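Encoded as structure tokens, the structure appears first; notes follow it.
We did not get these values from a lab; they are worked out from the coordinates using the rules stated. All of these numbers come straight from a predicted model, not from anything done at the bench. Virtual Cβ from ideal backbone geometry, glycine too; neighbours counted across all protein chains shown.
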Amino acid sequence: MNNRKLIGVIIPFPEGLYQQRVLEGLTSQAEKYGYDLAVFSCLVEVSHYHKDYLAGDMNIFNLINYDILDAVVLVPLPLVHDNNYTELERFRERLATKCKKPVVTLDLPVSDYTCSKTDDTTAFAEITKHILDVHKCSDIYFLAGTKDYDISHKRISGFTSELERRGLPIDESKIFYGDFWYTSGAALADRIISGELKTPDAIICASDHMAIGLANRLIEGGVKIPEDIIITGFDATQEALLNGLSITTYAPPIKRTAQEAINEIRKIIEPDREIFPPDKISSQNLVIGESCGCHYNVSSFKNQLIHSVYRMNHDYSQKDIFDKADFGRLMESYMFEQLTSTGSPQECTNQIFRYTYLVRPFDHLFICLRDNWLDKDTPLIEGYPEQMRLVLDAIPENHKLHHLAASYSLNDKAQLFYTKLMLPQIKSCSHEPSVFYFMPLHFQNDTLGYCVLQCNYGVKSYPTNVHRNWIRNVNNTLEMSRMLQKLFVLSSKDFLTGLDNRTGMENSLKKMVKHSSTDDNCFACVIDMDGLKVINDTFGHNEGDNAIITMANIINLSKKENEIAVRAGGDEIYLIGIGKYSDDDVEHRIELIKTMLDNYNDNSQKPYIVSASLGGCCMKIESVADIETAIKIADKNMYQSKILNKRHRI
């Protein structure tokens with residue numbers, strides 16, 4: 001067992017640009033200290049409209065066992081949408097009641113936890129310098145975010161501090177508030193187009209989305225950008241760079257903020273150890289687009305970005321082919337079509353294993369499922385069971401498509417582990433310092449388990465839309481397998497009693513014979529109920545059904561692990577087994593069933609008795625045909641017993 005510190009990270013929707021920068025900072029600083037990270041993420045945004053799917057995704061956070069963590073990093077901004085703090089409040093309550101370890105948040109204070117904040121003030125001072133020095137603007141508007149947000153005032157402060165430093169006046173009437181979204185940018189544009197507001201030289205926006213909404217609406221209104229108005233944004237999002245008119249923007253030093261968060265944790269959990277400084281803020285964070293008029297070959301950049309997102313053709317001989325998970329490779333693999341064509345649950349997990357190459361690079365890919373994941377009639381809506389089953393551990397082999405791996409049997413009890421461990425391999429001493437990405441597996445709001453991607457820090461791998469869609473394929477495949485399993489059960493089980501029907505018997509007998517040894521015997525017992533017609537005619541068919549169910553339950557209780565019970569007809573049941581049987585075993589079993597029937601009748605308080613005639617047989621077998629012979633002999637013996645029982649009743 002390793003003694004490395006384990007830091008938990010709560011970060012929804014990890015493919016978001018802000019979240020990617022956070023993960024880059026957390027992993028780079030954790031690597032310096034030799035810490036392991038356990039990153040827990042829902043894969044959709046908390047504002048996702050499909051609430052059942054969102055609930056299934058969010059359940060991953062119930063997996064966290066804070067007792068085995070040394071500290072927690074909470075990334076709260078992705079938990080807030082449209083001023084809705086509901087999800088963030090749930091986390092605040094959860095941490096207050098369940099977490100006794102140090103907690104550090106990023107950018108948004110929560111309770112009295114230490115908060116590491118991004119230096120937006122310096123960033124907006126740099127943007128303002130560019131507008132003043134390069135473009136010589138004098139009449140400048142500032143479009144801030146939500147008025148009550150501390151982050152809005154810090155961004156305004158960067159703007160006004162640069163004006164003050166130069167001795168320029170600050171006009172509060174030129175500072176406007178929005179909500180960081182496209183609509184507030186468009187609203188300011190409408191006021192300018194209508195003539196309500198004078199056209200300024202430049203507008204500095206506190207977010208790319210507001211800048212995009214502003215620029216696009218102004219262009220629709222006939223305003224030329226940047227000739228009439230210069231516009232800048234903030235965040236350096238892909239949307240800003242790929243907009244019809246690309247936006248000059250600024251990449252905030254979020255990586256540095258995340259590094260500082262790890263440093264804050266280091267000070268608490270290892271106060272006497274060395275602290276490594278975070279990255280310096282670079283003046284190169286300003287990203288030039290078309291909206292300010294500076295020269296930049298945006299078309300070339302767009303093409304490069306688009307091709308990197310979706311490439312159809314690959315040179316698989318290159319060693320770096322798996323250095324980055326690729327969406328084009330995922331889509332062109334036809335993974336979903338292949339997975340949905342699988343048969344048994346075991347084939348399903350084996351096929352999933354085959355397609356793990358699509359989310360490389362990683363050191364291990366683990367899939368953990370709840371033991372009864374195949375049971376569609378018992379959904380798991382919240383939390384996880386006491387034990388989970390490790391059904392897959394994929395390990396890449398160099399730079400080849402194929403993998404070395406352990407793809408475990410779904411019935412292998414050795415792969416069960418206590419859920420409170422989250423993943424036993426985390427505490428293994430055999431791996432380098434790593435990040436473990438925990439991602440949910442579910443169908444709608446029914447939790448099936450979770451996937452864990454282990455990556456050493458050298459591979460610099462973060463969850464993206466490739467991982468999200470790969471897991472969607474896995475979720476749908478697992479659900480398909482569950483549905484097929486349910487259909488199989490319905491086709492092979494008797495609806496009333498739950499025993500095998502004749503189809504189920506045929507399937508089971510083939511497997512039993514296949515796994516039998518040369519010195520095994522076949523045991524067969526035929527049970528035919530006595531007086532069922534009288535019960536139906538006298539007390540009704542509901543009571544007749546109750547008598548059949550009672551008989552089936554008694555047979556089931558008498559059944560051993562290597563045996564099957566079959567409802568062969570209306571009131572006829574078979575009990576069949578293959579193993580080390582003798583003629584004495586047949587007699588003992590018949591007597592046991594009779595005794596169980598007598599005990600039931602003595603205590604049932606029903607106005608009728610449940611009785612049956614039984615016959616058995618024990619013989620050598622070599623094929624399924626021999627079992628059918630044994631059943632015929634047992635049936636003949638049962639018939640003799642029925643004659644004797646009838647004489648006895650007379």
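Here are a few things to note about the model shown:
- Cut-off under 5 Å, modelled amide H: who pairs with Tyr177 long-range: Ala144
- All Cα pairs of the stretch 1-43, percent lying beyond 13 Å: 55 percent
- Rounded to the nearest Hz, the phi-derived 3J(HN,Hα) couplings of the stretch 210-222 under the Karplus curve 6.51 cos²θ - 1.76 cosθ + 1.60 (θ = phi - 60°) are 5, 5, 5, x, 5, 4, 5, 5, 4, 4, 4, x, x, where x marks glycine and proline.
- Extension gain from Val489 to Asn562, taking 0.36 nm per residue of separation minus the Cα-Cα distance: 24.4 nm
- Rounded tilt (10° steps) of 182-193 against the dominant C-alpha axis of the chain: 30 degrees
- Computing FRET efficiency as 1/(1 + (r/R0)^6) for Ile170 and Gln387, where r is the C-beta to C-beta distance and R0 is 56 Å, gives about 0.35.
- Neighbour-count ranking [beta-carbon atoms within 10 angstrom, fewest first] of Val586, Val223: Val223, Val586
- The value of relative contact order for the stretch 502-649, using C-alpha pairs under 8 Å at least six residues apart, is 36 percent.
- Given (1) 70.2; (2) 39.6; (3) 46.3, the label whose value is mean projected area of the Cα convex hull in nm² derived from this model: (2)
- Debye intensity ratio I(q)/I(0), log10, the stretch 502-649, q values 0.09, 0.17 Å⁻¹ (C-alpha model): -0.28, -0.94
- Taking θ as phi - 60° and the Karplus parameters 6.51, -1.76 and 1.60, the scalar couplings of the stretch 255-270 work out to 4, 4, 4, 5, 4, 5, 5, 5, 4, 4, 5, 4, 4, 7, 8, 9 Hz in sequence order, x denoting glycine and proline.
- Separation of alpha-carbon centers, the stretch 219-269 and the stretch 182-212, rounded to whole Å: 17 Å
- Computed over the alpha carbons of the stretch 84-178, Rg followed by Dmax gives 17.7, 55 Å.
- Fewest-first ranking of Leu597, Leu509, Leu421, using other Cβ atoms within 10 Å as the exposure measure: Leu421, Leu597, Leu509
- Antiparallel bridges, percent of DSSP beta bridges restricted to the chain (to nearest 5): 65 percent
- Residue order, fewest to most beta carbons within 10 Å, for Thr121, Thr183: Thr183, Thr121
- Taking Cα atoms only, the orientation of helix 583-603 departs from the longest principal axis of the chain by about 80 degrees.
- Taken one residue at a time, the phi angles of the stretch 524-538 give Karplus couplings (6.51, -1.76, 1.60, θ = phi - 60°) of 9, 9, 10, 10, 10, 5, 9, x, 5, 4, 5, 5, 4, 5, 8 Hz. Gly and Pro are set to x.
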